[in-house]
Every structure is written in C-alpha cells, then in structure tokens.
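J.: Mind having a look at this structure? Questions to follow.
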Ligand SMILES: Cc1cc2nc3c(=O)[nH]c(=O)nc-3n(C[C@H](O)[C@H](O)[C@H](O)COP(=O)(O)O)c2cc1C
C-alpha cells in the first residue's frame with residue numbers, strides 16, 4: 001500500500017513533519033509512506049495559470065497524489081485555521097484533473113495550543129470535501145502542547161504513540177475499504 005504524507009508546515013523542525021516521521025516509523029510493513037513538503041509550490045495566481053498552465057512543481061505533486069493509494073495530511077493550526085501554505089497547496093493541487101477526487105485521506109495535526117489543531121483539521125476537512133476527497137472521520141489525532149511531546153526530532157509521548165498505532169490500523173482498513 002503506497003501512502004503519500006503531506007506536511008502543511010515548511011519549517012525544518014516542524015512538529016507536524018516530526019509527527020509524520022513517527023507515523024512512518026510506526027507504519028505496518030506493507031504500508032510504504034513517502035513524506036513530502038510544499039516547498040517550491042508558488043502562490044496560486046489565475047493569470048499565471050492562464051499564461052503558463054499548472055507549474056511543474058504542482059504537476060509533480062499531483063502525480064504523487066494520483067499514484068498513492070491513500071494520503072495523509074498533517075496540518076499545523078494558524079489563527080484557528082489551516083496555514084496559508086497548506087490551503088494554497090490544496091488549491092493548486094485541485095487544478096486541472098484534481099487527483100484528490102475519491103482519494104482516501106487521513107488528517108492529523110500537532111500544535112502548541114490546547115486543542116492540537118482541532119479547528120484547523122475541521123477547516124481542512126471542509127476544503128477536502130471541495131476536492132471530493134473521502135476523509136476518514138475517526139479516529140482522530142490531535143497532538144496538543146506539541147512542544148512538550150517531541151524532543152531531538154522524535155515523538156517521545158507514549159500516549160500519542162498509542163493513538164498513532166490505533167489510527168494506523170484504522171487508516172490501513174480505510175484505504176483498503178475494509179469496514
Ligand atoms: C501565525 C501563527 C498563528 C498561530 N496560531 C495558532 C493557533 O491558532 N492555534 C495553535 O494551537 N497554535 C498556533 N500557532 C502556534 C503553532 O501551533 C506552532 O507554531 C507550531 O509549532 C506550528 O506547527 P509546526 O511545528 O509544524 O511548524 C500559531 C503560529 C503562527 C506562526
């Protein structure tokens with residue numbers, strides 16, 4: 001099973017990217033996870049799109065989405081919502097043969113605040129509805145107070161690791177369409 005994991009954060013030490021690394025490390029043997037960032041995706045500009053079409057960086061990511069059996073998106077929370085970088089990314093990805101249509105998607109997120117990206121994940125789910133993706137409703141992963149749970153680039157919090165193990169099992173079945 002091929003899974004593409006998109007992090008909504010650009011910073012090198014991002015908790016969301018670290019969360020995806022923990023997910024990848026804990027994934028079952030038959031689940032291959034590739035983690036990608038949105039570096040190199042330009043700001044969406046309809047005039048540029050009219051003139052030059054979908055940029056190469058977006059096309060490359062669209063291909064990866066198309067080829068994956070399932071997608072994981074880890075989103076930070078900025079001002080109670082999805083960071084502009086991620087919203088811009090999903091907007092670009094939806095252009096010209098939207099590869100998210102009917103794609104099975106799992107969302108998760110880590111933030112320093114008390115609700116662990118609950119608000120941004122629900123906005124992201126709404127965006128993904130617009131892309132006709134099929135998002136896994138539950139279980140959910142909200143990593144709150146992320147600054148206390150990661151150290152030296154690793155997820156140290158045992159309770160969160162248990163949540164991830166349960167989530168991975170559910171996600172595998174979700175992607176395989178097994179009730
Ligand atoms: C512009 C901005 C807005 C933020 N708003 C929120 C917020 O609404 N809720 C929250 O929990 N954290 C918020 N934060 C803190 C982020 O949770 C924190 O920066 C987190 O580390 C970002 O994710 P990352 O580690 O993956 O980069 C905000 C940070 C920035 C820069």
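J.: Quick check on my filter: what residues within segment 65-80 are surrounded by fewer than 17 Cβ atoms within 10 Å (Cβ to Cβ) and either over 27 Å from residue 178 (Cα atoms) or within 16 Å of the ligand (Cβ to nearest atom) (or both)?
T.: Step one: filter segment 65-80 for residues surrounded by fewer than 17 Cβ atoms within 10 Å (Cβ to Cβ), giving 66-67, 69, 79-80.
Correct list: 79, 80.
J.: Can you list residue pairs whose Cβ atoms sit under 7 Å apart, with the first residue in segment 76-92 being under 11 Å from residue 124 (Cα atoms) and the second being away from the ligand (no atom under 14 Å from the Cβ) and assigned to a helix (DSSP H, G or I)? Count only pairs 6 or more apart in sequence or on different chains.
T.: These pairs meet every condition: 82/127; 87/127; 90/127.
J.: Looking only at segment 104-126, which residues are surrounded by 21 or more Cβ atoms within 10 Å (Cβ to Cβ) and within 13 Å of the chain's Cα centre (by Cα)?
T.: Within segment 104-126, the first condition is being surrounded by 21 or more Cβ atoms within 10 Å (Cβ to Cβ), and the residues that meet it are 105-111, 116-117, 120-121, 124.
Scanning segment 104-126 gives 105, 106, 107, 108, 109, 110, 117, 120, 121, 124.
J.: Still on this structure, please answer the following. Take the residues in segment 8-26 that are farther than 12 Å from residue 155 by Cα and touching a helix residue (DSSP H, G or I) at 6+ places or on another chain (Cβ under 7 Å), then tell me which one is nearest to the ligand (Cβ to nearest atom).
T.: The residue in question is 9.
J.: Moving to a separate point now. Determine which member of the set 153, 97, 130, 116 is out of contact with any strand residue (DSSP E or B) (no Cβ under 9 Å at 6 or more places or on another chain) and within 14 Å of the ligand (Cβ to nearest atom). Give the derivation first.
T.: Numbers: 97 fails: within 14 Å of the ligand (Cβ to nearest atom); 130 fails: within 14 Å of the ligand (Cβ to nearest atom); 116 fails: out of contact with any strand residue (DSSP E or B) (no Cβ under 9 Å at 6 or more places or on another chain).
Unique residue meeting the criteria: 153.
Computed from the coordinates by the stated procedures, all read-outs in this text should not be read as laboratory data. A quick note: this is a predicted structure, and the numbers were derived from the prediction, not measured. Glycine gets a Cβ as well: all are built from the backbone with ideal geometry, and neighbour counts include every protein chain shown.
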